[in-house]
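> If you scroll down you'll find the structure; I have some questions about it.
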Amino acid sequence: MFTPQEVENLIFLDIETVPATDQYQSLSPVLQKHWERKIKRIDPTNEDPASAYDTRAGVFAEYSKIVCVSCGYIRFQDQLPVPTFKTMFHTEEKELLKETYELFGKIYGQSKSRRLCGHNLREFDLPFLGRRMLVHRMLPLPEPLQVFGKKPWEIVHVDTMDLFRFGDHKTFTSLEVMTDLFGIDSPKSTMNGADVAKAYWNDHRYEEIQRYCEDDVQATMQLVLYVSGLPLLPAAN
């Protein structure tokens, strides 16, 4: 699917998110009210919005924050892929997003042919980054987030979920499932997305969150190499 040169133009990306506050009661009254409405729509049987906030708020940009951003790229040396990673973590979301904003500016300032690549990138990571940067009024938005008004074929980001859809947009195939099918080491062996909130707010396992985020980027790299018939990276550490 991709030539080595096309792979070298990809910037692989993953983010980790957690509920915006350590407990539901710390939300503003307005957000509490709207969270109650949202969770009732999602799960009409749920009678405890506080517990639902702890487990489910991390996937909604209005009620959560980004704590980790990991990016990476691949260069080929002697026809073998060599990865480079930059993983950023901060307990203050605004500081993390400032670093991310500057990194995007540097990446796209060097080459306009760069394309972001991630798993479920189009529906999660990029919309989430865009919404949270708007909350912090980081304008103008970085070039890869400026998708408003663009036609679908004008948005050139690569979503590895699409590589397994073959046009079937009813299908959602997780990163863990795809890596297992392809015999690739899974980043979910020690943590999964549902664990991140507890690891952050309760246990302060910040380094583990960073490793998990970076491992997701490496797994995404492996998917692209696999479907392209190119050599894979060495097994994850």
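None of the figures in this text is laboratory data; all of them are computed from the coordinates on show. No experiment lies behind these values; they were computed from the predicted model shown. When we count neighbours, we look across all protein chains shown, and the Cβ atoms used for this are built from the backbone with ideal geometry, even at glycine.
> Could you list the square roots of 5 times each eigenvalue of the Cα gyration tensor of the range 1-87, that is, the equivalent ellipsoid semi-axes, sorted largest first and rounded to whole Å?
41, 13, 9
> Identify, among Leu134, Pro83, Trp201, the residue whose Cα sits farthest towards the positive end of the charge dipole of the chain, taking +1 on the Cβ of Lys and Arg and -1 on the Cβ of Asp and Glu, with the dipole about the Cα centre.
So the residue furthest toward the plus end is Leu134.
> Report, largest value first, the span of the C-alpha coordinates of the range 197-237 along each principal axis, in whole Å.
42, 17, 8 Å, listed from the longest principal axis down.
> Using a Gaussian network for the chain with springs between C-alpha atoms less than 10 Å apart, which of these wobbles most: Ile66, Ile107, Ile15?
Ile107
> Going toward the positive end of the dipole of the chain, with +1 on Lys and Arg Cβ and -1 on Asp and Glu Cβ, which of Val30, His119, Val227 do you reach last?
Val30
> Also, I was wondering about something else. State the Cα centre-to-centre distance between the range 116-132 and the range 4-71 in whole Å.
The two parts, judged by their Cα centres, are 13 Å apart.
> Would you mind checking the radius of gyration and Dmax of the range 144-234 based on alpha-carbon positions, in Å?
15.6, 43
> For the chain, max minus min Cα coordinate along each principal axis, in Å, sorted largest first?
Computed over the Cα atoms, the extents are 57, 38, 36 Å.
> Identify all lysines with a Cα-Cα distance to Lys33 below 23 Å; exclude those on the same chain that are fewer than 8 residues away in sequence.
Qualifying lysines at Cα under 23 Å: Lys65.
> Quote the Stokes-Einstein diffusion coefficient, in whole µm² s⁻¹, for the range 37-83, based on the Kirkwood radius over alpha carbon pairs, a temperature of 25 °C and a viscosity of 0.890 mPa s.
The calculation lands on 175 µm²/s.
> Measuring from label point to label point, each 7 Å out along Cα→Cβ, what is the Asp203 to His169 span in nm?
The two pseudo-label positions are separated by 3.8 nm.
> Over the chain, with a Gaussian network built from C-alpha contacts below 10 Å, which listed residue (Glu93, Glu154, Glu102) shows the highest mean-square fluctuation?
Top of the fluctuation ranking is Glu154.
> Using only helices, what value at 222 nm comes out for the chain when you add -39,500 (n - 2.57) per DSSP H run of length 4 or more and divide by the total residues, to the nearest 500 deg cm²/dmol?
Taken over the chain, the calculation gives -11500 deg cm²/dmol.
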